[in-house]
Each structure stands twice: as structure tokens, then as C-alpha cells.
Amino acid sequence: MEKYCSVEGCGPAEVLNRGMCRKHYQRFMKNGHVELAGRKRRSAPEISLDQSFPALANEWHPTLNGDLTPDAVSAGSSQKIWWLGVCGHPWEATIHSRTIGCGCPYCGNRKVGYGNDLASQFPEVAATWHPYLNDDRTPDQVAPRSNSKAWWLGACGHPWEAVVANRTNKIRSGCPYCANQKVGYGNDLATRFPDLAKEWHPTRNDDVTPGQVTSGARSNVWWLCSSGHEWRAMVFKRSCGAACEKCKLVGLSELEIGLYAELKAVLGEHLAPVQHDWRIATAGGVKIRVDVIVGTIAIEFDGSYWHKGKEDRDREKTDQLQELGYSVIRVREHPLEALSPQDALVRRAPTGHDVASAALEEMLEGGLIENEAAESARRYILNGVAVAETEARQIIAALRLREYGELSLADKFPAVAGEWHPQLNGDLTPAQVMAHSGKPAWWLCPAGHAYLTPIVQRTTDGTGCGQCSGRYVTPATSLAVIRPNLAGQWHPTLNGQLTPEDVLPHSGLTVWWLCAEGHATQDKVKDRAKGMVCQECPKSRRRAETSLAARFPELASQWHPTLNAELTPHDVRPYLNQLVWWLCPNGHSTQDTLNARSRGRVCQDCPGARPRKSKRS
């Protein structure tokens, strides 16, 4: 007996389930109902949810679906139903979405609720949620990995906006102001380092001011020191202690001098004389240099740049001084670590007052100073203000102008020192600079030319006046004076404002030239000075010798005088496939190629002319 599929229009077939053939049953299970386009069909028997997916039927919410039960709905229905998973979370979803694998949206973090929110998962981050800038949103309404932005308020008191996921990632973002990523709330250069802000160049940084950059910015800006030196440096390097290269002291630190001046002002009246840059002789005759000596107290300032990785050397020096009977206090700059309990730590790029206060606190704690000296130290620390900045500046200025004796420019190179400019170097003299210093200085050559060049280039490289050596243009060495005939070929318009008076005859500059025949070409000045001529002139002569007018003058006489625009027989060569107009002796105007006419073809409109063959024939 033949079996028929229950779908109308389907012929005899092997019936599998629910009275349907394999094709229609698979389509039914995929779509949840029978859809055969363009044909009328009988309704297929429905497959209830409890029959096809008993496990899902067990998650049917017992109360929120009213009287509807799993045996009354098909497995492919798009009806929304309430569910209650084994997790205990109720949610609403279509039956079809459940049959294809969708589960609890809360456990899958597709919806916020039941403990998957920011407040539950990251309470410490939720504690920084801004109380009023997020409208009505609260941390328990936001997913921890959400890409939405929110406002935050940290313990620092700074509000900022950031993506929620960036606050909960493995590397969590924090306050951008505290991290120096944004300018504001006192992290700008003007607020944190007012002394550095005074050296901000007033004109060369466009409209940017010290209040618009953070102290840790990596932007390269212009600076102007108190001595009038201009230079470029990154902001964060200046914040870390970098200073004007031209004003640097050789072998000394300005902070050491500031420390000495402050300690002298505080303790000088009560203790033995305070000494700076002091040498102490050992039993073996070796002299140990100490930054500051106060009686039997040796104070050393360890800058992070120069003392990083030199802990063993610093410990050895401390041991040597202690063997000689000195109490040693080291003031170490961040991020250096203390080497002994007597060491003091200060922030990066401290002031002279910071270093002096740290040293005095260690003296007081160790009982190294007493009575009036101790009272003076306590008052200084509580006052919090430097008292000897003027004296420190005077010492620094004097040290910069100190004489170097046998190492000076005046002693080692008296001939070079004789060209030292008498006015443009200020109060600095050849005796006050090292003979091989890299600092630039002004010079005055015997011809009266003033020029700026580093000292080491004068003493080591032997360089001199650029104008006298022909490296610079002068009115007497310009192309216009040395080679006036060549200057006459200078192009009058294509070189902009550059003139023969502005270049040397041996210059490698490429400029425009205009020859006597009117050719505009580009060549280097030095190549023309060596005899190079216009490269277009030989080409023009070659073109003239091989032109149609030169090789076929009779044919050139048939050149149409008006229909070829500005083109003439002198501008073209024979045997080209170029199409031009001709005017034969009989007055016929025709078009033909140069190649055809050069090979003997005549006017095609004249009687007896051989017909022109088409390309197709």
C-alpha cells in the first residue's frame, strides 16, 4: 500500500514522522511550520514542545504564562514565553529561540541583572561612579564590559569620563589628570614647577602656555634661561631636572650649591664653618670629595641620573668617610633607594630647600645637632621657604665665570683666543672656557667678520671664518661678481627672490637658467661654473638638421599655412605617422600623414592621383 505525504500536492513518498516525507519534515523542523510557496497545502500535525524538547519544557515558568502549557505550543513557534532556568533567573524569550540554543540572558551577560552588574562584580570601581553626572543611571544598571561611557569621581576628587570596560579590564584606566594624560586640577607645569615655567619661551611656542601642558608631557618646546640661552627640550625632561646645556656647571651640581647655601644660612652661626666641594685626605693620601661638610657631618646629594646603578661605589665612599670619623647623610633623589638608615629620600627634581630640609631632618633624628643649631633647623623646616636662593645664584654665576688655567682656551690656543669677540660673548673671556668645550661662542676674524661656532670646532677641527673661506656669500664672492657672464644667464622669473648675488660660484644649488636662444633649463650653479652649457641648444640644432623643412624642402612648400596652428615644417620630422594639413599647387587642402607624403604620396584630390587604399582593404 502506497503512503502519501500529508502535505498537499506531494505524491507518494516514504513517510517518516508526523505523516511527512523527509524533505517536508526537515523543513518543518527548521521553520516550525510548513511553507511551500505558491501551493495550497494542508496543515501539518503540530509537534508540541513537551514532545520534541522535554528539557526545555521543564524550564517553562510555572506562573507567568497563565494557563498556557508546553503541550499546547509547537517547538518552532515564535510566541514569547516566560522561562525559569536552573539558575533561578526568570526571563522572556520566543520558543523558537530556545530550541536553537539561546539560554538565560543574565547568565550570558546579554542583560543586566541578578548579580552580573558593575556594582556586584566590581564594587571598588562602582564606588567611583559619579553621583550626579550620569543622569539616572546607576552601577547596578550597567554591565562591567559595557562599551558605553560614564562619568567617574575618584578619591582624588577629579571627575572624568571613560568607557566602563576600560575601568574593569585587566589593565584598568584611572584618573587621567593624576596620570598626567590630561591637563587640569593642578597637574600643569605652571602649578607643579613654577620655576621651570619662568623659563618657558614667551614667543616661540605659538599660543601654548605652561598652564596648558602637564609636567610629564613629551612635547618638544622652546625654553629661555635667565642667561638668555634658547633651546628645545621635552617638558618631562625638564621636570626630571634637565637644565640649559650652555649653563651647565662642570663637575658640580646646582642642587649641591643650593644645599650648601641653605645649610650655611641655617647652621653657619652655630656650628663649625660649612664647607662646599670639600676634599678629605685618607691615610693613603687619596682625597675624597664631599659635597658639603658641617663640622664632622658629611652630606652628599645623590642625583638619580648620575647615581643610578652606582650603589656599590656610594657605599664604599660612605664606609671610607665613616672610618675617618665622619657621620654621613645621603640625600637621594627618587627613584633611588636608601642605602642606610641615615639616608633621606626626596622627590624627583627637588629644590635646594627640599634637599636641605631632608638633610636637617636626618641630623635632628640622629641627634647630630643640638641646642641653638637644632632650634634653627626646626624653624627652617617648619617655615618651608628657602632662605639663601640669592647667595646660591651668586655662587653659581661666579663658578660659571671661573678661570680654568692651563686647560683654558687662553692658555692652550692663544692664537684662537685672539679672535674672541670682545662684545658678543658678554663677560665671558677665553680664560673662563675650556679649550675643547662644545659651547658655541662668537668670534671676530681679522677681516672683521663676526660669526658663531663651537669652541671645539675652532681648536680641534681648525675651522675659521666662513666668509673668508668661501663657505658664505659676501658681496665680493657672489656669482654676480666672480662670473658676471654666467650671471647674465640667470632666469629672471623662475628663481623666485634668489639672485646671482645670493649664491657662490661653487654652490650645489639647482636653479633655472635662460640661454641666448631662449631655452629655460635647470642646472646646478657649480656645473655651469665648470663650463656646462645649455643642454637644449644641441637638441635644437639636431632637430633643425632632421626636420621636414631641411630634408624635404619641396614637400615643406606644400605645408598648409593656416590649418596647422603654430606647427611648422621646422618642428616636425619626416616619416612620422602624424596627421597634418597640406596645400597642393592646385589649391586642394587635404590631410595626410608625414610618413605617406615623405614616401611620395601626392595630393589625392588632384586628377590622376593614385587612390588611397583603406586599411581594411
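Here, each number is a calculation from the coordinates, and none is a lab measurement. This structure is a prediction, so every number in the text was calculated from the model and none was measured. Here the Cβ is made from the backbone with ideal geometry for all residues, glycine too, and neighbour counts use every protein chain on show.
The Cα atoms of segment 118-168 give a gyration tensor whose axes a ≥ b ≥ c have a/c under 1.5, which makes the shape rounded. Helix-only arithmetic for the chain: the sum of -39500 (n - 2.57) across DSSP H runs with n ≥ 4, divided by the residue total, places the mean residue ellipticity at 222 nm at -6500 deg cm²/dmol. Computed from backbone phi with θ = phi - 60° and the Karplus coefficients 6.51, -1.76 and 1.60, the 3J(HN,Hα) list for segment 404-416 is 9, x, 5, 8, 7, 5, 4, 7, 8, 9, x, 5, 5 Hz; x is used for glycine and proline.
Both numbers refer to the Cα atoms of segment 126-223; Rg and Dmax are 17.1, 52 Å.
Taking amide H positions as modeled 1.01 Å from N, with prolines and chain starts lacking one, the residues under 5 Å from Thr453 and 5 or more places away or on another chain are Ala441, Trp443.
The H on the amide N of Ala233, modeled in the peptide plane, is under 5 Å from the matching H of Val221, Trp223, each at least 5 residues off or on a different chain.
In sequence order, segment 449-457 has phi-based couplings of 8, 9, 8, 10, 7, x, 4, 5, 5 Hz under the Karplus curve 6.51 cos²θ - 1.76 cosθ + 1.60, θ = phi - 60°, and Gly or Pro positions carry x.
Bridgeable aspartates and glutamates around Lys182 (alpha carbons under 15 Å apart, same-chain partners fewer than 8 residues away excluded): Glu161.
Projecting label points 7 angstrom from Cα along Cα→Cβ for Ser304 and Ala415 puts them 4.9 nm apart. Projecting label points 7 angstrom from Cα along Cα→Cβ for Leu452 and Lys530 puts them 3.4 nm apart. Stretching Ala397 away from Leu498 to a fully extended chain increases their span by 31.9 nm, per 0.36 nm per residue minus the current alpha-carbon distance. For the residue pairs Lys149/Lys237; Lys111/Lys149; Lys198/Lys287, the alpha carbons lie more than 29 Å apart in Lys149/Lys237; Lys198/Lys287. So how far, in whole Å, is the C-alpha centre of segment 361-379 from the one of segment 516-592? Using only Cα atoms, the two centres lie 101 Å from each other.
For segment 158-237, trypsin sites (Lys or Arg not before Pro) meeting the loop criterion (DSSP other than H, G, I, E, B) and having at most 15 other Cβ atoms within 10 Å: Lys170, Arg172, Lys182, Lys198, Arg204, Arg218.
Across the chain, Cα pairs under 8 Å and at least six residues apart give a relative contact order of 4 percent.
Scalar couplings 3J(HN,Hα) for segment 354-369, obtained by applying the Karplus form with A = 6.51, B = -1.76, C = 1.60 to θ = phi - 60°, are 4, 5, 5, 4, 5, 5, 5, 4, 5, 4, 5, 5, x, x, 7, 10 Hz; x denotes Gly and Pro. Calculated on the Cα set of segment 189-246, radius of gyration then Dmax: 10.0, 27 Å. For semi-axes √(5λ) of the Cα gyration tensor in Å, the candidate list reads [x] 45, 37, 23; [y] 75, 71, 19; [z] 80, 23, 17; the entry that matches the value derived from this model is [y].
Could you tell me the calculated FRET efficiency between Asn485 and Gln522, based on Cβ-Cβ distance and R0 = 25 angstrom, to the nearest 0.05? If you can, show how the numbers build up before the last one.
Numbers: r = 19 Å, r/R0 = 0.77.
Step by step, r from the Cβ atoms, then E = 0.85.
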